[in-house]
Amino acid sequence: MTQILDGKATSLAIEAELTQAVDARMASGLKRPHLAAILVGDNPASRAYVGHKVKACARVGFESTLVEHPADITQEALLDAVRALNDDASVDGFIVQLPLPDHIDDQAVLEAVHPEKDVDGFHPVNAGKMALDLPCFLPATPKGIVSLLDRAGIDTQGKHAVILGRSSIVGTPMALLLRRNGAPGNCTVTVCHSRTQDLAEHTRRADILVAAIGRAHFVTADMVKEGAVVIDVGINRIADATKKSGSRLTGDVDFDHVAPKCSWITPVPGGVGPMTIASLMENTLQACAQKDA
Ligand code: NDP
């Protein structure tokens, strides 16, 4: 029977733990965790994502600061804004919401974030530490997926995981985390991308299939093995005349047809999205706690 991997419920459980941890910190006279976010321009999706993060901070008792800049900000001014947050002792961690406008060099901005405040885990120092299995900030989306598998009690040992997508924020770190010698982990991992030949041959062999490519309903029932665990990372907006807005969000997986074949599957929305935010909150607490000593 198919079971739903409920990211919403799991994220609420994590938030309850974080709230308790904040209360305990305050009772001990320790600092309240503080997350800042830089938002450049007025991309509605970016604004919505940042808004979700700010609201999550309020729910768990963190302080939050939203730093907004216009879309025509210069690269140097944006780097100055990053350096200001690096230097602000009240801020434990911060993120720069992606995507940035075309004239900005994303990588230069991400590399300007101090690794100890890089709660998105995008700085090469954290990415390198993750690859070496050293303590670091893990990128929020793959970290959230690993938590979801763990808390659902899904055994990953020796399983064949197939990852669709090799981006530096989802596909590549996902592959690293599932391949780790640990629990969850110890998967044999295949990473597929736009140049992969006979993609369905790979996906059909997956015990755990993670779809992170950004194409609505790309994964169809014939691509999935009976009993597979399917994690749908995709967030795609598609037309839907039944909605007031005329559109709705959907994942990379054709949920209605794929779900009956799965042992577990994440819904969109309510799967990976809330877990990503919960993991960012966990990273912020980690950043704050690292400074206690
Ligand atoms: P990117 O666009 O950075 O990467 C997409 C990856 O998919 C690339 O590696 C690309 O291959 C691969 N790809 C694209 N088309 C195909 C295809 N036809 N066949 C096989 N591989 C393909 O996206 P992200 O990793 O940033 O995000 C992926 C999706 O996840 C998006 O929908 C995004 O909105 C969503 N997302 C959701 C989050 C959440 O919290 N739920 C968080 C982050 C992202 P190549 O490298 O060859 O170009």
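Couple of notes before you dig in:
- All of VAL229, VAL224, VAL258 fail the test of being touching a residue at least 40 places away in the same chain (Cβ under 8 Å) and open to solvent by less than 40 Å² (accessible area, probe 1.4 Å), apart from VAL229.
- Residues satisfying the stated conditions in the stretch 204-249, i.e. in contact with a Lys or Arg (Cβ under 8 Å, 6 or more places away or on another chain) and polar (S, T, N, Q): ASN236, SER247
- Of the residues making up the stretch 172-186, those that are touching a strand residue (DSSP E or B) at 6+ places or on another chain (Cβ under 7 Å) and buried (at least 23 other Cβ atoms within 10 Å of the Cβ) are MET174, LEU178.
- Criterion (in a loop (DSSP other than H, G, I, E, B) and among the β-branched types (Val, Ile, Thr)) met by exactly one of THR141, THR172, THR156: THR156
- Meets criteria (in a helix (DSSP H, G or I), surrounded by 23 or more Cβ atoms within 10 Å (Cβ to Cβ) and more than 16 Å from the ligand (Cβ to nearest atom)) for ASN126: yes
- Tally of residues being touching a Leu at 6+ places or on another chain (Cβ under 7 Å) and either of a type in the set (S, T, N, Q) or not in a helix (DSSP H, G or I) (or both) across the stretch 110-119: 1
- Selection over the stretch 146-155 of residues that are buried (at least 24 other Cβ atoms within 10 Å of the Cβ) and either over 22 Å from LYS225 (Cα atoms) or near the ligand (Cβ under 9 Å from one of its atoms) (or both) gives a count of 0.
- Filtered by the rule that a residue be in a loop (DSSP other than H, G, I, E, B) and either open to solvent by less than 30 Å² (accessible area, probe 1.4 Å) or closer than 20 Å to GLY227 by Cβ (or both), the stretch 187-205 gives CYS187, ARG204, ARG205.
- Flag if GLY158 is surrounded by fewer than 17 Cβ atoms within 10 Å (Cβ to Cβ) and touching a Cys at 6+ places or on another chain (Cβ under 9 Å): yes
- Qualifying residue in the stretch 108-120 (condition: under 24 Å from GLU63 (Cα atoms) and within 13 Å of the ligand (Cβ to nearest atom)): yes
- Taken over the stretch 273-293, the criterion of being among the aliphatic types (A, V, I, L, M) and open to solvent by 10 Å² or more (accessible area, probe 1.4 Å) is satisfied by ILE277, LEU285, ALA289, ALA293.
The values are calculated or read from the model by the stated rules, or taken from the named source; none is laboratory data. The model shown is predicted, which means the values in this text are computed figures rather than measured ones. So basically every Cβ, Gly included, is an ideal-geometry build from the backbone, and we count neighbours across all protein chains shown. Note: areas computed on protein heavy atoms with side chains; ligands, DNA, RNA excluded. Shrake-Rupley method; radii C 1.70, N 1.55, O 1.52, S 1.80 Å.
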